[in-house]
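A quick write-up on the structure given underneath.
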Amino acid sequence: MIGRDCLLTAIGTDIISVKRIKEFVLLKGEASQEVFTVREMKNSIEFENPFEFLSLSFSIKESVFKATGWGWQRGIRWTDVEAHIPSDKPPQIIFQGEIQRWLKDQNIICYDCFSFMINDLLNTYIVTLIAFYRR
């Protein structure tokens, strides 16, 4: 989907422990909706391991935020990035708020999102890379 007229503009990466996200969600309960949208929480239940789904969603969000280069400036909210993660397709991302404005200002026309899992004896990790392209 990347044509000859696209230019790599920004890259963001993240790695997160599934155990860490599980502990966060169990500790925060409904307050975790500051990070995850209602739809992300509902969709996580459909997966064999809901915490892997939420970890992937978190890792996507972090990768997007890192790609902007802002950190937590400009009023960015966790829910400005919503991950849709079908079991049989690549993740799809909905951008809102300040992130959506940044994409428009940068003339971003498409993105690639790659994620994979790494397991060791103690934990599972989600690794994500997002690349944004402009005209």
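Some points to look at:
- Of all the criteria given as (1) surrounded by 17 or more Cβ atoms within 10 Å (Cβ to Cβ); (2) touching a helix residue (DSSP H, G or I) at 6+ places or on another chain (Cβ under 9 Å); (3) closer than 14 Å to Thr128 by Cα; (4) not aromatic (Phe, Trp, Tyr), the one not satisfied by Ile60 is (2).
- Residue that is nearest to the chain's Cα centre (by Cα) [pool: residues in the range 63-77 that are surrounded by fewer than 19 Cβ atoms within 10 Å (Cβ to Cβ) and not in a loop (DSSP other than H, G, I, E, B)]: Lys66
- Comparison of Lys19, Lys42 shows that the only residue that is at pLDDT 95 or above and of a type outside the set (S, T, N, Q) is Lys19.
- Pick from the range 78-94, criterion farther than 18 Å from Glu34 by Cβ and not polar (S, T, N, Q), ranking: surrounded by the most Cβ atoms within 10 Å (Cβ to Cβ): Ile85
- Scanning the range 110-135 for residues that are at pLDDT 90 or above and touching a Cys at 6+ places or on another chain (Cβ under 9 Å) turns up Cys110, Thr128, Leu129, Ile130, Ala131, Phe132, Tyr133, Arg134.
- Identity of the residue in the range 95-135, polar (S, T, N, Q), surrounded by fewer than 19 Cβ atoms within 10 Å (Cβ to Cβ) and within 22 Å of Pro50 (Cβ to Cβ), that ends up nearest to the chain's Cα centre (by Cα): Thr124
The values are calculated or read from the model by the stated rules, or taken from the named source; none is laboratory data. Since the structure is predicted, the reported quantities are computational estimates derived from the model, not experimental observations. Here Cβ is always computed from backbone atoms with ideal geometry, including for glycine, and neighbour counts include all displayed protein chains.
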